[in-house]
Amino acid sequence: MSSTQTYKKIFDGVSGTAEWQPLRGEAFARFMEQGFPTVKDEEWKYTNLMPVANGAFTAASPASIDKDLLERFRIAGKDVYLAVFVNGFLSAELSDLDGLPSGVVAGSLAENHDHPAVKQHLGKVATMRKGTLVDLNTAFLAEGAFLYVPTGISVERPIHFLFLNHSSASP
């Protein structure tokens with residue numbers, strides 16, 4: 001399978017919020033048209049991305065891990081709000097976000113896709129004309145971390161976003 005076919009297969013398998021599909025589709029079309037930057041591109045002349053371009057990747061998927069594993073990664077001696085992501089997906093079972101101040105939102109980008117801050121900023125900060133790798137990242141958008149703290153609200157405890165990867169046979 002060619003690298004183009006591999007990335008097309010991954011793109012087709014990425015689920016995400018329906019309202020993000022046009023954004024994702026436009027980004028993927030631009031990526032497919034431009035491809036990966038090469039050492040012939042001035043900004044990439046010292047970085048060979050061909051090992052990545054030709055890699056055999058699969059899309060990340062939710063996974064479960066043992067809750068006891070979290071203790072190794074917790075901030076010692078701190079009472080924190082905890083948002084745990086495994087393979088890029090929020091794990092509600094492992095997270096502890098109870099008691100956040102009114103109006104504060106911490107957790108899943110996908111679950112908060114209709115939040116005004118998401119609608120205002122998603123796809124606009126890292127604009128599509130910044131390069132093909134921004135397009136590739138946007139094309140595979142399915143989930144992410146989201147934090148919103150309204151003006152004038154203070155959060156007394158730290159909010160700890162913990163990202164863990166569960167290894168599998170494929171990168």
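The values are calculated or read from the model by the stated rules, or taken from the named source; none is laboratory data. What you see is a predicted model, and the numbers here were worked out from it, not measured in a lab. Glycine also receives a Cβ, built like all others from the backbone with ideal geometry; neighbour counts cover every protein chain displayed. To get the accessible areas, we keep the full protein, side chains included, count just its heavy atoms, and leave off ligands, DNA and RNA. Shrake-Rupley method; radii C 1.70, N 1.55, O 1.52, S 1.80 Å.
General observations
- When the Cα atoms of the stretch 90-171 are aligned to their principal axes, the ranges along those axes come out at 39, 35, 19 Å in descending order.
- Accessible area of residue 148 in the full protein assembly, 1.4 Å probe (Å², nearest 10): 80
- For the chain, the 222 nm mean residue ellipticity estimated from helices alone, with every DSSP H stretch of n ≥ 4 adding -39500 (n - 2.57) and the total spread over all residues, rounds to -7000 deg cm²/dmol.
- Among 91-102, 64-75, the order from most to least packed when residues are scored by Cβ within 10 Å on average: 91-102, 64-75
- Normalised by 2.2 N^0.38 Å, where N is the number of residues, the C-alpha radius of gyration of the chain stands at 1.18.
- Amide N of the stretch 40-61 lying under 14 Å from the label point, which is placed 7 angstrom from the Cα of residue 134 along Cα→Cβ: none
- The calculated FRET efficiency for residue 164 paired with residue 10, based on their beta-carbon distance and R0 = 22 Å, is about 0.55.
- Contact order for the chain, expressed relative to its length and based on alpha carbon pairs under 8 Å spaced 6+ residues apart, stands at 33 percent.
- Cross-link partners of residue 40 among lysines (Cα-Cα below 29 Å; sequence separation of 8 or more within a chain): 8, 9, 124, 130
- Three-way shape call for the stretch 55-99 based on the alpha-carbon gyration tensor, with the a/c threshold at 1.5: prolate
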